[in-house]
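Notes follow the structure.
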Amino acid sequence: MKSKILYTVALSGLLLSSCNDWLDVNHSPNNALQSTVTNDLLLSSVQNNINFVRIADDANIHFMSQHWTKSGDVSGTYTFLTGLLMPQSFDTYWDERYEILANIKVIENNAIENGDAGYEGMAKTLKVVMFRELVDMFDNVPYTEAALGGEALAPKYDKGADIYADLLKQLDRAMECFDDVIANASYPTGVLKTADIMFNADFAAWKRYAASIKLSMLMRISNVQDVSAQVKALVNDVMYINENVTNNPGYYKNDDKMNPLYEVYGYTYLDKETSYHKYYVPTEELVKFMRETNNPLLRVYADPRANMGNDEDGRANYDLFGLENERYIGVPYGMMAPAGGKFASKIGLGVLARSSSKVDGPLVDLIVMPGCLTGFYLAEAALRGMIDGGDAAAKSYYEQAVTAMFNTYERALQDEALSTDAEKSRPAITGTAAEAAAEFLAQDNAAVNWDLMTTFEEKMHAIQAQKWLGLYGIDPIEAWSEIRRTDMPNFLHASNSIAEGSKIIARFLYPNGEKTLNPENYVDGIDVYNDLVFWDLKNENVDRAPTYE
């Protein structure tokens, strides 16, 4: 796995020291001292690591979201696709988040001690993000005794439902902190405008972000408890639907200094294809859905295949399926020996760079949370009667969210350089992204046109399917979690999976490190298909992904 990209001093929780004597022979001068590290420096590192881990170090969760699968240019069993998972497969997902949480705790403790509402609110919000992800992956995890260092070397596991309940309270406190800062005209933001690489000290935006995280968590648990009143109270506080939360510590075109989505899954600073761009490719399930709904974002999300015809090694007989002239074809989910790279689409340069430019692309902001996500959650809430407005409001939120998704990639949609060969690529749009979205939503296709949908199920599926597309290349954990919660859109069992049964992976095993370091609390015997996270009510059998053989 590629090493983390750090634009500030590396400050993992394991590197901070409380040693006061800098000349102490037991202290390494290469490690930062907790007593000398300022909150602004630590904040930058924490933010960058959180957002790098989610997009780059969580590569296999892109499999879980069924956005990507393995290509035909790489061999290997890929346990996250075969389902033959072992505890050691999950050490990274656990360890990295708890290291980040140790640093967040330092920021939070310093802020509370100094009466700094701004840093307290930011720390609490980021803490919620990390613990929410841990619960969504593992269910019960250390929480009340986590990140206490020597005070709790074997922290107990708290119930996922209890952790969620407290995290919602943490977000309430965070929003109170942001209100205090907004009301305090003398709050110092000079250094923070640079150190805060997500919002540049815009605390109104921080509050909207915290409210949007709370909305996503409430919707996640909405199948197991009534949260209608809480959701209704948030409607006017969440992110604007056309607003994206982003991260940029100062990306520039050099090794380990570029937008991680671009650098890990796209191209090097020398414009060479990375190994991950060869290994990870869009699923045929995603590409097919976009083809069949005439989605202009297809040219953004996937590059056209380089070679026409069937795969030369006989691994894809496209002519048997009427696809011999189709330029955009993905790889069937989980297929271990699919078509070679030239005979299938790869991750689109348009989504990696948000244009065709390999000059500007490495420098673009990393999207952390798309505003369209709040729109899709509000659409669902209105459709289910959790908030006011009924069907009309649901339609409005849904269409606003789709439009916001298109707007995010407007430059790529309009970029003719992504269509240098008309026979190979779909053409650029000639108007605005909003106009393209309106045309897309008005087409004669009940999968996307709200007015042609006649049932609650059809409308719910449309919301969830477009939400799934809106999270592509941005937040695979959120996408996987929503797949499990809603069982929509219709997901598949990996085509070549050799695991028993025909269900999707519903949770992670506890990591091997816990078995060694925390044996008293470690839980063995977890079934990744049938032992569900507390908010997930069912994991029914699904169809196996078809192949083009």
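The values are calculated or read from the model by the stated rules, or taken from the named source; none is laboratory data. If you're wondering where the values come from, they're calculated on a predicted model, not measured in any experiment. Glycine also receives a Cβ, built like all others from the backbone with ideal geometry; neighbour counts cover every protein chain displayed. For the accessible areas, the whole protein counts, side chains as well, though only heavy atoms, and no ligand, DNA or RNA atoms are used. Shrake-Rupley method; radii C 1.70, N 1.55, O 1.52, S 1.80 Å.
In this simple spin-label approximation, T194 and K272 carry label points 7 Å from Cα along the Cα→Cβ vector, and these lie 3.4 nm apart.
Report summary: the helix-based calculation at 222 nm, which adds -39500 (n - 2.57) for every DSSP H run with n ≥ 4 and divides by the residues of the chain, gives -12500 deg cm²/dmol. Karplus-based coupling profile of segment 284-294, in residue order and whole Hz: 5, 4, 6, 4, 5, 4, 6, 4, 6, 9, 6, with θ = phi - 60° in 6.51 cos²θ - 1.76 cosθ + 1.60 and x standing for Gly or Pro. Considering only the chain, what is the antiparallel percent among its DSSP beta bridges, to the nearest 5? Here the antiparallel bridges make up roughly 80 percent for the chain.
Charging the Cβ of each Asp and Glu at -1 and of each Lys and Arg at +1, and nothing else, the dipole of the chain about its Cα centre rounds to 420 debye. Annotation: amide H of T274 within the under-5 Å range of G266, Y267, T268, sequence separation 5 or more or interchain, hydrogens built in the peptide plane. Amide hydrogen proximity for V141: with H placed 1.01 Å from N in the peptide plane, the residues at 5 or more positions away or on another chain lying under 5 Å are D158, G160. In plain terms, the chain from E113 to A438 could stretch by 111.9 nm, reckoned as 0.36 nm per residue minus the Cα-Cα distance. About the centre of its Cα atoms, segment 347-477 shows a dipole size close to 300 debye [charges on the beta carbon of Lys, Arg (+1) and Asp, Glu (-1) only; nearest 20 debye]. Straight-line cross-link partners of K124 among the lysines, defined as a Cα under 25 Å from its Cα and at least 8 positions apart when in the same chain: K4, K105, K156, K159, K169, K193, K207, K214, K232. Net charge dipole, segment 104-160: roughly 100 debye, given to the nearest 20, about the Cα centre with Cβ charges of +1 for Lys and Arg and -1 for Asp and Glu. In the context of the full set of protein chains, residues of segment 50-113 present 28 Å² of accessible surface per residue (probe radius 1.4 Å, heavy atoms only). Using the 1.4 Å probe convention, the accessible area of segment 407-549 works out to 45 Å² per residue with neighbouring protein chains retained. A Förster radius of 45 Å combined with the Cβ-Cβ distance from K342 to R384 puts the calculated FRET efficiency at roughly 0.50.
Peptide packing for 218-224, 330-336, 247-253 was compared via the average number of neighbouring C-beta atoms within 10 Å per residue; ordered from the highest value, the list is 330-336, 218-224, 247-253. Take L320, project a point 7 Å from its Cα along the Cβ direction, then tell me which residues of segment 75-94 have their backbone nitrogen under 11 Å from it. Within reach of a label on L320: no residues. The packing ranking, built from the mean of other Cβ atoms within 10 Å per residue, places the peptides 376-387, 79-90 in the order 376-387, 79-90, highest first.
Of the solvent-accessible surface of the chain, computed with a 1.4 Å probe over protein heavy atoms with every protein chain present, carbon and sulfur atoms account for 47 percent. Relative contact order of the chain, taken over Cα pairs closer than 8 Å and 6 or more residues apart, is 19 percent.
Label sites at D365 and N445, each approximated as a point 7 angstrom past Cα along Cα to Cβ, lie 2.9 nm apart. Can you list the GluC sites (Glu not before Pro) in segment 223-286 that are in a DSSP coil and have 16 or fewer other beta carbons within 10 angstrom? Sparse-neighbourhood loop GluC sites (Glu not before Pro): none present.
Averaging the sequence gap over all C-alpha pairs within less than 8 Å and six or more residues apart, then dividing by the number of residues, gives segment 266-400 a relative contact order of 22 percent.
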